1. Among what's in segment 253-294 and is surrounded by fewer than 17 Cβ atoms within 10 Å (Cβ to Cβ) and closer than 30 Å to residue 60 by Cβ, pick the residue that is modelled with the lowest pLDDT.
2. Within segment 243-252, restricting attention to residues that are touching a residue at least 12 places away in the same chain (Cβ under 8 Å) and part of a loop (DSSP other than H, G, I, E, B), which residue is surrounded by the most Cβ atoms within 10 Å (Cβ to Cβ)?
3. Would you be able to tell me the number of residues in segment 14-50 that are under 19 Å from residue 218 (Cα atoms) and in contact (Cβ under 8 Å) with a residue 40 or more places away in the chain?
4. From 143, 95, 135, 160, grab the single residue that is farther than 29 Å from residue 199 by Cβ and surrounded by fewer than 22 Cβ atoms within 10 Å (Cβ to Cβ).
5. Would it be correct to say that residue 24 is out of contact with any helix residue (DSSP H, G or I) (no Cβ under 9 Å at 6 or more places or on another chain) and under 30 Å from residue 160 (Cβ atoms)?
6. Among 214, 165, which is the only one that is in a helix (DSSP H, G or I), touching a residue at least 12 places away in the same chain (Cβ under 8 Å), surrounded by fewer than 24 Cβ atoms within 10 Å (Cβ to Cβ) and out of contact with any strand residue (DSSP E or B) (no Cβ under 6 Å at 6 or more places or on another chain)?
7. Given the criterion within 17 Å of residue 260 (Cβ to Cβ), assigned by TED's automatic domain parsing to the domain that holds residue 133 and part of a helix (DSSP H, G or I), identify the matching residue among 77, 58.
8. Residue 325 fails exactly one of the following numbered conditions: (1) within 29 Å of residue 201 (Cβ to Cβ); (2) exposed (fewer than 14 other Cβ atoms within 10 Å of the Cβ); (3) over 19 Å from the mean Cα position of the chain (by Cα); (4) touching a residue at least 24 places away in the same chain (Cβ under 8 Å). What is the number of that condition?
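The values are calculated or read from the model by the stated rules, or taken from the named source; none is laboratory data. The model shown is predicted, which means the values in this text are computed figures rather than measured ones. Note that we place each Cβ from the backbone using ideal geometry, even for glycine, and neighbour counts take in every protein chain shown.
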């Protein structure tokens, strides 16, 4: 075990509703422990501003035309992150070695090798008087990678710390994250991982919450389908569902990273609120269950679910039903193993900050398709 560092991870996700903040202690390798997690909600105006700029970028496929607007939003986002960072550190009387600052993704296009996050690391360092590590994705992209997902190495740490005994019962343990985008990590015992980093495999697999959330926001006063209640009152349109699955054509191998802008919901616009939600839920569940089957390699596999989508009871039931013919596949929320699934990504960026400082790899050929294991992140000390 190496030196233990204390790091704060900050994550603003695709739901655009607030900041997840987590403080962990770790050696950046096998050892980690969670100290505290806290959520900081955005006010309605700032959230609407985020939604608006993302929508404009999606419509015009252009970042440069909105440069001034993006810079103003970046400053405001950084100030909100600084307030969160200072609050959680002061209230817990903790000395932070590093802040892992993901920022907020405005645009991600794996084909063009562009991943644009807003968040001013220099300003955050100045306001918090701490070393800040940010811009985690660029080195991976420069090394031929997709820039995402970056959390698999932390997923591996989670499994080896909390679920290691499950390796005696299952051939494989997968972590499924259902955020705006769904991604899956096939984990490995540390000893096997260090023999070959190719033992750690991961990819984005398709939509998570993004299509359902977009439909609900566009057609009701709600921000999301709480527990899947709206979808549960609807009826899936099988013709539309099957045509959409054919058009999306999301099949193995899963070899590219995804953005919520990759998924258009116009094909359900003729449906009412409930039927549209039901159809999009069925679509999402079909794609996710197919990925679970693929990553399980017909073996006995344990699939552990984190991310906001695990709270969508209707969606989880759909996935379970689609997996019901596979008795060798087990599917459980991460809470079943005593882990809080709300803060995995903010904890991950605290962990990645420590790895970045130690120049340890964050991404691997079988997780982001980079040419070789590579580190990433920029360290700033602006105080």
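1. 255
2. Ranking the candidates gives 250 first.
3. Adding up the residues that qualify gives 5.
4. When all the criteria are applied, what remains is 95.
5. no
6. 214
7. Residue meeting the stated conditions: 58.
8. (4)
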